[in-house]
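The values are calculated or read from the model by the stated rules, or taken from the named source; none is laboratory data. No experiment lies behind these values; they were computed from the predicted model shown. All Cβ positions, glycine included, derive from the backbone under ideal geometry; neighbour counts span all protein chains shown.
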Amino acid sequence: MNTVSVSSSGSSGAQAGAKIWLASYPESIPAEIPSLDHASITELFEECCKRYAGRNAFSSMGKSITYGDLDTLTRNVTAWLQSTGLEKGDRVAVMMPNVLQNPIATYAILRAGLIVVNVNPLYTPRELEYQLRDSGAKAIFVLENFAHTVEQVLARTDVRHVVVTSMGEMLGLKGLIVNYVVRKVKKLVPAWSIPGHTSFRRALEQGRRLTLKPASIQGSDIAFLQYTGGTTGIAKGAMLTHANLLTNQVQMQLWLNSAYITKKRPEVLNFVCALPLYHIFALTVNSLMGLSIGAHNVLIANPRDIPAFIKELGKYRFDIFPGLNTLFNAMMNNPDFAKLDLSHVSTLAGGMAVQRPVAERWQKMTGTWITEGYGLSETSPVASANRFDTPEFTGTIGLPMPSTDFDIRDEAGNSLPLGQVGEICIRGPQVMAGYWNQPEETARVMTPDGFFRSGDMGFMDERGFTKIVDRKKDMILVSGFNVYPNEIEEVAAMHPGILEAAVVGVPDEHSGEAVKIFIVKKDPTLTEEDVKAHCATNLTNYKRPRFIEFRTELPKTNVGKILRKELRG
């Protein structure tokens, strides 16, 4: 078994040098993670499939596959991929929601020594073409619901092998009904034609008759091109190596121990997988960490259908629930949510700030706190998190992970004292190898001493907890004062008549910029005067919204992040 060293290098930077956060660690969590036991995700995958062969690995729409099944199914798809002539390092796109075919395809691609390119199934043809061309993908796995998008761009890409699957393909006889409803009743499959494509079932059957040739994979090999969300400009592919992702799942495994300091840990953990597996948070926390501990992931294909989602949650006893602030908020506004027993669930939040009113309401309804963490695609993703055993909502992103350094720096790259707001910079073995084919962009975000410049503004307190105040680009400058949208949105969320809120800066001839707030009402009688009075009570004058606009909904990514850039117009 190969061993990869993952100890962090150096200790420059004010906060990084002192590592003051270690004093706030639980006793059971080490400052540094041990050397990795596996050279690649494939090595980990194959070992875990044997160790947990009889356990359920993934469930979807009532159908479960065991780790033994997962091993066999991925082996067949891997052999098929190898038969197409694809070579180590070639890129293969996966364009599917949370269905059983997703993890099967993903782990098969990795087993073949290829690189996974995760694609949002809701991409427009323009967005898909950019990502396929930029990554140079030579094959793609796609759900038939989105095959029409692939068809429109195929000729302008390097893709030569297309595997198409259906919602019901892995569900047995029930799948026939599911496909009929999806195609004929709900009409969710636009007409498409891709001559020469292969069905997922055919790839499985052909691969079953072929010999698998084990690929030689090292920790430094790229496992995923994880494209950044597109909310910061042109999407870039973060090169995440096998060692990056193995490191982060080990860090999360260690951190999970803090959830069971005061309560008994179940023999088998059940995970809610509502975040899409093409999103880095679900990929690492659900799929990879779940794999490493033999957990059972219940895949939710469409978490936006809140009634169906809550009905599914009622069928299982859940232990770990990763999600977003918007998802938790939407669930609590459904009357059936109160019927669920989530009192023993450890709830993780990432991807966006957790608002205190949402966290407090969740705690009141479930008896557990939302544990907020922080990370980016570039950090595989988890860089910091609060302790699971914290008896309160901290309003921070917690403490840096083991083997991870944080430093708060100014524009010139100088370390700032505790309590001062600057850019959060991160160094650790989970930080990406760089951006795919973009050395200039890589150089722009990586410092000479190995820190990744996150673009997020925050400060660290004397206990080592970091508080984000906002993205640099979202900061509003009102008469020389910095205004951070997150703060105003959190204040708005405190009002019982407000369901959701988003804040942007708009040009103003007097103050340079003014604050504008977009609101989705919970109480239909809510007025502008009500909002202004609430903000006047809770915010100093220059932070108060000058403009208020009511909307029936706010624009969001498929993951659930509010898109402020679309509100700016």
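So the values come out like this:
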quantity: Hits in segment 513-569 - residues which are part of a helix (DSSP H, G or I) and of a type in the set (Val, Ile, Thr); calculated: VAL531, THR537
quantity: Conditions (1) in contact with a helix residue (DSSP H, G or I) (Cβ under 7 Å, 6 or more places away or on another chain); (2) assigned to a strand (DSSP E or B); (3) farther than 30 Å from TYR123 by Cα; number of the one not met by ALA502; calculated: (3)
quantity: Of all residues making up segment 454-479, the number that are modelled with pLDDT under 95, of a type outside the set (A, V, I, L, M, F, W, C) and surrounded by fewer than 19 Cβ atoms within 10 Å (Cβ to Cβ); calculated: 5
quantity: Candidates PHE393, PHE406 - the one that is crowded, with 18+ Cβ neighbours inside 10 Å, over 19 Å from PHE321 (Cα atoms) and aromatic (Phe, Trp, Tyr); calculated: PHE406
quantity: Some residue of segment 337-354 being outside the structural domain of ASN98 (by TED's automatic domain parsing), under 26 Å from ILE280 (Cα atoms), without any contact (Cβ under 8 Å) to a residue 60 or more places away in the chain and part of a strand (DSSP E or B); calculated: yes
quantity: Members of segment 358-414 that are in contact with a Ser or Thr (Cβ under 8 Å, 6 or more places away or on another chain), under 22 Å from ARG453 (Cβ atoms) and either of a type in the set (Asp, Glu) or not assigned by TED's automatic domain parsing to the domain that holds ASN248 (or both); calculated: GLU372, GLU378, ASP405, ASP407
quantity: Selected residue (criterion: farthest from PRO417 (Cα to Cα)) from residues of segment 27-53 that are touching a Ser or Thr at 6+ places or on another chain (Cβ under 6 Å) and surrounded by fewer than 16 Cβ atoms within 10 Å (Cβ to Cβ); calculated: SER35
quantity: Given (1) free of Cβ contacts under 8 Å to residues at least 24 places away in the same chain; (2) touching a strand residue (DSSP E or B) at 6+ places or on another chain (Cβ under 8 Å); (3) assigned to a loop (DSSP other than H, G, I, E, B); (4) over 21 Å from GLY350 (Cβ atoms), number of the condition THR442 does not satisfy; calculated: (3)
quantity: Test: residue in segment 27-50 that is free of Cβ contacts under 8 Å to residues at least 12 places away in the same chain, in contact with a His (Cβ under 9 Å, 6 or more places away or on another chain) and either farther than 21 Å from SER220 by Cβ or not small (Gly, Ala, Ser) (or both); calculated: yes
quantity: Residue in segment 285-293 that is closer than 17 Å to ASN98 by Cβ, in a helix (DSSP H, G or I) and polar (S, T, N, Q) present; calculated: yes
quantity: Unmet criterion (only one of (1) among the polar types (S, T, N, Q); (2) assigned by TED's automatic domain parsing to the domain that holds GLY351; (3) touching a residue at least 60 places away in the same chain (Cβ under 8 Å)) for THR447; calculated: (3)
quantity: Some residue of segment 262-276 being over 30 Å from LYS63 (Cα atoms) and outside the structural domain of ARG51 (by TED's automatic domain parsing); calculated: yes
quantity: Single unsatisfied condition, VAL94 versus (1) closer than 24 Å to LEU73 by Cβ; (2) out of contact with any helix residue (DSSP H, G or I) (no Cβ under 8 Å at 6 or more places or on another chain); calculated: (2)
quantity: Members of segment 333-355 found to be over 20 Å from ALA259 (Cβ atoms) and surrounded by fewer than 16 Cβ atoms within 10 Å (Cβ to Cβ), listed by number; calculated: ASN333, ASN334, PRO335, ASP336, ALA338, LYS339
quantity: Residues satisfying the stated conditions in segment 360-392, i.e. assigned to a loop (DSSP other than H, G, I, E, B) and under 21 Å from the mean Cα position of the chain (by Cα); calculated: TRP369, LEU376, SER380, PRO381, ASN386, ARG387, PHE388
quantity: Unmet requirement for PRO303, which otherwise passes all of (1) touching a Phe, Trp or Tyr at 6+ places or on another chain (Cβ under 9 Å); (2) outside any loop (DSSP other than H, G, I, E, B); (3) surrounded by 21 or more Cβ atoms within 10 Å (Cβ to Cβ); calculated: (2)
quantity: Top-ranked residue of segment 249-281 - restricted to ones that are surrounded by fewer than 23 Cβ atoms within 10 Å (Cβ to Cβ) and touching a Pro at 6+ places or on another chain (Cβ under 8 Å), ranked as farthest from PRO429 (Cα to Cα); calculated: ILE261
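Matching residues to (1) under 30 Å from VAL119 (Cβ atoms); (2) surrounded by 15 or more Cβ atoms within 10 Å (Cβ to Cβ); (3) at pLDDT 95 or above; (4) of a type in the set (Asp, Glu):
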residue: ALA502; (1), (2), (3), (4): yes, yes, yes, no
residue: ASP508; (1), (2), (3), (4): no, yes, no, yes
residue: ASP523; (1), (2), (3), (4): no, no, yes, yes
residue: VAL531; (1), (2), (3), (4): no, yes, yes, no
residue: TYR542; (1), (2), (3), (4): no, yes, no, no
residue: ARG546; (1), (2), (3), (4): no, yes, yes, no
residue: ILE562; (1), (2), (3), (4): yes, yes, no, no
